[in-house]
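Undergrad: Next up is a structure, given as structure tokens.
What follows draws every value from the coordinates through simple rules; no lab data is involved. Source: prediction; values computed, not measured. Note: ideal-geometry Cβ built from the backbone for every residue, glycine included; neighbour counts use all protein chains shown.
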There are 4 protein chains.
Amino acid sequence: MQQDTKTHRIEAFSDGVFAIAVTLLILEIKIPDPTAIAPRGLAAALFAIWPSYLAFTISFVTILVIWAHHHWIFTAIKTSDLILIYWNGLLLLFVTFVPFPTGLLAEYLLHPEGKVAASFYTGTFLAIALAFHGLWRHASSGGKLLGVDANSLEYKNAMRITGHYRLGPPLYLGSFVLSFLSESASVASCLLLAFFFALRGWRRNASNP
Amino acid sequence: MQQDTKTHRIEAFSDGVFAIAVTLLILEIKIPDPTAIAPRGLAAALFAIWPSYLAFTISFVTILVIWAHHHWIFTAIKTSDLILIYWNGLLLLFVTFVPFPTGLLAEYLLHPEGKVAASFYTGTFLAIALAFHGLWRHASSGGKLLGVDANSLEYKNAMRITGHYRLGPPLYLGSFVLSFLSESASVASCLLLAFFFALRGWRRNASNP
Amino acid sequence: MQQDTKTHRIEAFSDGVFAIAVTLLILEIKIPDPTAIAPRGLAAALFAIWPSYLAFTISFVTILVIWAHHHWIFTAIKTSDLILIYWNGLLLLFVTFVPFPTGLLAEYLLHPEGKVAASFYTGTFLAIALAFHGLWRHASSGGKLLGVDANSLEYKNAMRITGHYRLGPPLYLGSFVLSFLSESASVASCLLLAFFFALRGWRRNASNP
Amino acid sequence: MQQDTKTHRIEAFSDGVFAIAVTLLILEIKIPDPTAIAPRGLAAALFAIWPSYLAFTISFVTILVIWAHHHWIFTAIKTSDLILIYWNGLLLLFVTFVPFPTGLLAEYLLHPEGKVAASFYTGTFLAIALAFHGLWRHASSGGKLLGVDANSLEYKNAMRITGHYRLGPPLYLGSFVLSFLSESASVASCLLLAFFFALRGWRRNASNP
């Protein structure tokens, strides 16, 4: 029971960080300056900052999907150890970092150097995917932290999940590489990936009712 | 019990987002610049930013009322599925967005383009009302997620709640339409709607002791 | 048990708001501008913003003490009703507002109009004291929400607490009135009051082991 | 059980403050101004703010390690008293303060007055180490709050932990003194200390499975 409590507090802390990171994103959308909107009006000024809304939405959806997957793997994880705490800490470090590249992308998406901003943005998501993969790999390996035997059905199910999560790093690496060719394609791929992982969660859950 | 825990963590995450969004609102009230207050003094400068206090208060009360209703519907929701998680995510996306239109309204309420700011502000609340309606519609439909039979008394009670929540989208659509005619009437209607839904919650709770 | 859960979620939400409000205070301390510190150096610039540290500390300690008292009264409150939720909401509205007068006081304490800033600051604490008093008055009156009989010993204990909390509004009214005479005396009284209520909590707890 | 709940709410509140403080750190990293990056480009501008990433990372890791140790000592602490609440409050006050010296270090690390910023930064960590030491000293002394007898094995284990935590203040005092000689050595020592305390946690946990 004590160990259960331990996992509970890690989850609560992580939930706090996810919730705050996702809510701080809004601070990166800047209110148009009343002295500068004159020629075309406020409606045009609010329309012109669409990269801010786009970056906000992609980052929000991505963090939400990561949170949902974090939620699922922690329903499987029964005990914690220090390495788990620090893998989780590395994941949270990168999640906490997200508002900065989000603001950067909003500011620079339409700038001649948009590709640099897109590389920085997708590079952050690649780092998150690697940390998530490392977290689950450590948590699932051998079944010890899952509280299951390595020959059990539950362990085989867990290994199937591992197969799904293995896709994260190469796919986000693809987004990162794409950012050197086209910032719009790269950013669009991030949005697609968020929906892709949302749907994979769906199919996985549907198959284990 | 595992599913109960699942709902618990969605509630905890949502509570976090509600609490942070409501607290970040204060960052939109800007401290008067000491070099600019000279002619009429600090008291006058603090009085002159009353649209900031008004926008802060309306957004705070609205989010608080949404939180209270979210709290009530989740006491009825017994299990979660992926679609519920993503409806909830959409609701949180719009709630998280609130500090931006709040700051916009504070900045532009007395500006010639105040109507645009009021449209943006009420439009955000309309989006929240639609997401909340969608969330409850999915959660209540068929009684499955409520853990009740479709012929039971509890289900009929739930359907009565649906009737109440059906009012949200058209009423906030009214506020939105009103913003094209009068920014003050539109903003005032948002405050009234928050109290209206607070009182409906009251009557509903009073009738099901 | 459902009602217990209800109180639990109010406490969790309130804790979130208290924790965020207290942490956002730090954003009101501004990093000295490297281009402006030249004549006397960084150490002098860091020393010169002592009103920021003072305002931060007083607001932090005050919110912490309010949180601790909120914590105690909610160990006594067994069930909630809508009026309790909205009294609590009013309290949270004022607590959420604290970073603004804190930043204002930090900016204007040494300014000729420091008295106005101190009135605004102590006025916010007065509003908090009134909301807290209203919350406890509603929660304790008749013993219903405390789950105790109006003739029981527990009810008499609760009434004794009411006696303590009755002191809050007049004492903070004193700080507010004092701000028209001397900003330093008024601000100092806020710090003293925070320690006073911290110690009253101590004695009360010590007498009911 | 009531006392258990009490400790639970202190932990929840503390977790909230830790999570928010750690997430607010990101706001200290400023997005490069598009009008100022022209000569060398965005990639160079993003590289040039490496002190921001460094300060962010050190502060994040340090707060995470403090949180992990806070988590461990609260699994041992069974009841709370007012002095514990206020020691904990003092610890949270200093943790909440961290984003300010973090932003200061980011801004001034490469400035001729970098030593002053490093003293301020390490001085904050010294204050945290002292508050943490005081918290544990009060919590463990006599075994009362741990719910163990002063002659028990558990108490001896707790005393061994005290031995570990006694290292915190002198080591951070070392970092602080070092800041007067070399800002880089001082900052590097903070990163090393965070990893050192992370590993000590490891060994302690490994020895009490």
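Undergrad: Using a Gaussian network model on chain B with a 10 Å cutoff between Cα atoms, which of B:Arg137, B:Arg160, B:Arg40 fluctuates the most?
TA: Highest fluctuation among the options: B:Arg40.
Undergrad: Just going by the charge dipole of chain B, with Lys and Arg at +1 and Asp and Glu at -1 on Cβ, which of B:Tyr121, B:Leu145, B:Ile31 is farthest out on the positive end?
TA: Checked the options; the winner is B:Leu145.
Undergrad: In nm, one decimal, shortest first: how far is the label point of A:Glu154 (7 Å from Cα along Cα to beta carbon) from the matching points in the other copies?
TA: Nearest to farthest, the other copies are at 2.8, 2.8, 3.9 nm.
Undergrad: Once the Cβ-Cβ distance between D:Leu199 and D:Lys78 is put in as r, and R0 is 25 Å, what FRET efficiency do you end up with, to the nearest 0.05? Show your work: numbers first, answer last.
TA: Details: r = 27 Å, r/R0 = 1.09.
Calculated transfer efficiency: 0.35.
Undergrad: Quick one: among B:Tyr86, B:Tyr155, B:Tyr165, which has the greatest mean-square fluctuation in a GNM of chain B with alpha-carbon springs under 10 angstrom?
TA: Result: B:Tyr86 has the largest fluctuation of those listed.
Undergrad: Here is a further query. About the Cα centre, and with charges only on the beta carbon of Lys, Arg (+1) and Asp, Glu (-1), how big is the dipole of the protein assembly as shown? Nearest 20 debye, please.
TA: Roughly 1720 debye, rounded to the nearest 20.
Undergrad: Also, I was wondering about something else. How high is the relative contact order of chain C, in percent, counting Cα pairs under 8 Å that sit 6 or more residues apart?
TA: The value is 24 percent.
Undergrad: Using a 10 Å cut-off on Cβ to Cβ distances, tally the other chain neighbours for every residue of C:117-125 and report the average as a whole number. Present the calculation step by step, with values, prior to reporting the outcome.
TA: On the way: counts 4, 0, 3, 3, 0, 0, 0, 0, 0.
The per-residue average across the peptide is 1.
Undergrad: Consider all pairwise Cα distances in chain C and report the whole-number % of them above 27 Å. Don't jump to the answer; show the numbers that get you there.
TA: On the way: 8001 of 21736 pairs.
Value for chain C: 37 percent of Cα pairs lie more than 27 Å apart.
Undergrad: Let me ask you something else. Would you be so kind as to identify which of B:Ala198, B:Leu54, B:Ser182 lies farthest towards the positive end of the dipole of chain B, taking Lys and Arg as +1 and Asp and Glu as -1 on Cβ and the Cα centre as origin?
TA: B:Ala198
Undergrad: In a GNM of chain C with a 10 Å cut-off on Cα contacts, which of C:Ala131, C:Ala44, C:Ala55 has the highest mean-square fluctuation?
TA: Maximum among the listed residues: C:Ala44.
Undergrad: Output, in nm with one decimal and in ascending order, the distances from the C:Phe180 label point to the matching label points of the other copies (7 Å from Cα along Cα-to-Cβ).
TA: Those separations, rounded to one decimal, come out as 5.0, 5.0, 7.1 nm.
Undergrad: Please compute, for peptide D:173-181, the average count of beta-carbon atoms on other protein chains lying within 10 Å of each residue's beta-carbon. Could the numbers behind the result be given before it?
TA: On the way: counts 0, 0, 0, 0, 0, 0, 0, 0, 0.
Per residue, the average neighbour count from other chains is 0.
Undergrad: Another one. Would you compute, from DSSP H runs of 4+ residues alone, the mean residue ellipticity of the protein assembly as shown at 222 nm, taking -39500 (n - 2.57) per run and dividing by the full residue count, rounded to the nearest 500?
TA: Details: 36 runs with 639 residues, N = 836.
Per the formula, -26000 deg cm²/dmol.
Undergrad: Name the helices (complete DSSP H segments) of chain A with a Cα length along the long axis of 27 Å or more and a Kyte-Doolittle mean of at least -0.5, or state none. Walk me through the numbers before you get to the answer.
TA: Details: long enough: A:2-24 (33 Å, -0.01); A:50-76 (39 Å, 1.07); A:114-140 (39 Å, 0.67); A:183-207 (36 Å, 0.57).
Those that pass (Cα extent of 27 Å or more, hydropathy at least -0.5) are A:2-24, A:50-76, A:114-140, A:183-207.
Undergrad: Listed here are the pairs B:Lys30/D:Lys30; A:Lys78/D:Lys30; B:Lys156/C:Lys78; which of them are more than 31 Å apart at the Cα?
TA: On the way: B:Lys30/D:Lys30 19 Å; A:Lys78/D:Lys30 40 Å; B:Lys156/C:Lys78 29 Å.
Long pairs (Cα-Cα over 31 Å): A:Lys78/D:Lys30.
Undergrad: In whole Å, how far is the Cα centre of the stretch B:60-75 from that of the stretch C:1-75?
TA: Computed from Cα coordinates, the inter-centre distance equals 25 Å.
Undergrad: Ok, one more. So the label point sits 7 Å from Cα along the Cα-to-Cβ vector; using that for A:Leu192, what distances do you get to the other copies, in nanometres, sorted shortest first?
TA: Shortest to longest, the spacings are 4.9, 4.9, 6.9 nm.
Undergrad: Just checking the output field for D:24-34: average partner chain Cβ neighbours within 10 Å of each residue's Cβ? Write out the running numbers ahead of the final one.
TA: Values: counts 8, 3, 11, 9, 3, 6, 2, 12, 3, 1, 5.
Going residue by residue through D:24-34 and averaging, the value is 6.
Undergrad: Modelling each spin label as a point 7 Å along the Cα-to-Cβ direction, I'd like the B:Trp50/C:Ala48 distance in nm, to one decimal.
TA: 3.6 nm
Undergrad: How high is the relative contact order of the stretch B:1-124, in percent, counting Cα pairs under 8 Å that sit 6 or more residues apart?
TA: Working: 93 pairs, mean separation 47.3, N = 124.
Value for the stretch B:1-124: 38 percent.
Undergrad: Which residue, chosen from D:Leu110, C:Pro101, D:Leu93, occupies the Cα position most advanced towards the positive end of the dipole of the protein assembly as shown, where the dipole is computed from +1 (Lys, Arg) and -1 (Asp, Glu) charges on Cβ about the Cα centre?
TA: Of the options given, the answer is D:Leu93.
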